[in-house]
Amino acid sequence: MDNSSKLFGYWRVLMWGGAAALLSLPALAMRFYPDAGVNWSGGDFVVMGALLLVACSAVEIGARMSTDLLHRAGVIVAVGTAFLTVWVNLAVGMIQGEGNPMNLAFLGVLAIALFGAFAVRFAAQGMARVMIAAGIAQALIGVMVALAGLEQLYVAALIGLFALPWWLAAGLFQAAAKSQ
């Protein structure tokens, strides 16, 4: 077993344990801090559990496809960014609240990342290009929100800045490709 595999073994425990802890936080808040304003339904727990299961499983699968630490880090950043995009849009919505259909634009970013990853067969060099494209799409949504005046300028800037983790993943995949 190489050091990368050993490190990933520790990371797996932290990842799955962290997912379980994250899922239990709202239940603990509702039980012990009712004034905190956390009021999840059973459906909320099911949706969050499904999101965490998909995200952690995607990291497991993606990380098993390579023993390169940089490639695995790219997978973790990309999956984490996709997870946060979905979570934020379901919880509060990035554009004018969670019920706004304009938030469906972020599905396009996720589609670029997902279908692009399959198209390049998860190869590091191709994944770098796919993550750059996802970041560009994310940044363009921020620009469009700003130009259309749909949100305050700082919200549009935050939407655009959410391209940075996509580009970080691209850099990690690019570094992995160079190290091969």
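The values are calculated or read from the model by the stated rules, or taken from the named source; none is laboratory data. As the structure is a prediction and not an experimental result, all values here were calculated from the model. Positions of Cβ are generated from backbone atoms using ideal geometry, with glycine treated the same way; all protein chains shown enter the neighbour counts. Only protein heavy atoms, including side chains, enter the accessible area calculation; ligands, DNA and RNA are left aside. Shrake-Rupley method; radii C 1.70, N 1.55, O 1.52, S 1.80 Å.
The residues of segment 112-124 that are surrounded by fewer than 17 Cβ atoms within 10 Å (Cβ to Cβ) and either within 19 Å of residue 160 (Cβ to Cβ) or among the basic types (Lys, Arg) (or both) amount to a single one, 121. Across segment 105-133, the number of residues qualifying as more than 13 Å from the chain's Cα centre (by Cα) and closer than 12 Å to residue 169 by Cβ comes to 9. Residue count for segment 21-44 under the criterion of being under 24 Å from residue 76 (Cβ atoms) and touching a residue at least 12 places away in the same chain (Cβ under 8 Å): the result is 3.
Filtered by the rule that a residue be in contact (Cβ under 8 Å) with a residue 40 or more places away in the chain, buried (at least 18 other Cβ atoms within 10 Å of the Cβ) and within 16 Å of residue 88 (Cα to Cα), segment 142-165 gives 151, 159, 162, 165. Has segment 24-44 got any residue that is open to solvent by less than 80 Å² (accessible area, probe 1.4 Å), acidic (Asp, Glu) and in a helix (DSSP H, G or I)? Looking through segment 24-44, at least one residue is open to solvent by less than 80 Å² (accessible area, probe 1.4 Å), acidic (Asp, Glu) and in a helix (DSSP H, G or I).
Residues to consider are 74, 135; find the one that is under 25 Å from residue 49 (Cα atoms) and either modelled with pLDDT of 95 or more or open to solvent by 20 Å² or more (accessible area, probe 1.4 Å) (or both). Lay out the reasoning, then the answer.
Details: 135 fails: under 25 Å from residue 49 (Cα atoms).
Result of the check over 74, 135: 74.
Of all residues in segment 134-176, those satisfying the criterion of being more than 18 Å from the chain's Cα centre (by Cα) and of a type in the set (S, T, N, Q) are 152, 174.
Which is among the polar types (S, T, N, Q) and modelled with pLDDT of 95 or more, of 41, 57, 4?
Details: 41 fails: modelled with pLDDT of 95 or more; 4 fails: modelled with pLDDT of 95 or more.
One residue alone meets the criteria, 57.
Annotation for segment 49-66: no member residue is within 30 Å of residue 154 (Cα to Cα) and not in a helix (DSSP H, G or I).
The set of residues in segment 85-103 that are open to solvent by 60 Å² or more (accessible area, probe 1.4 Å) and either more than 25 Å from residue 38 (Cα to Cα) or in contact (Cβ under 8 Å) with a residue 12 or more places away in the chain (or both) comprises 87, 90, 96, 102.
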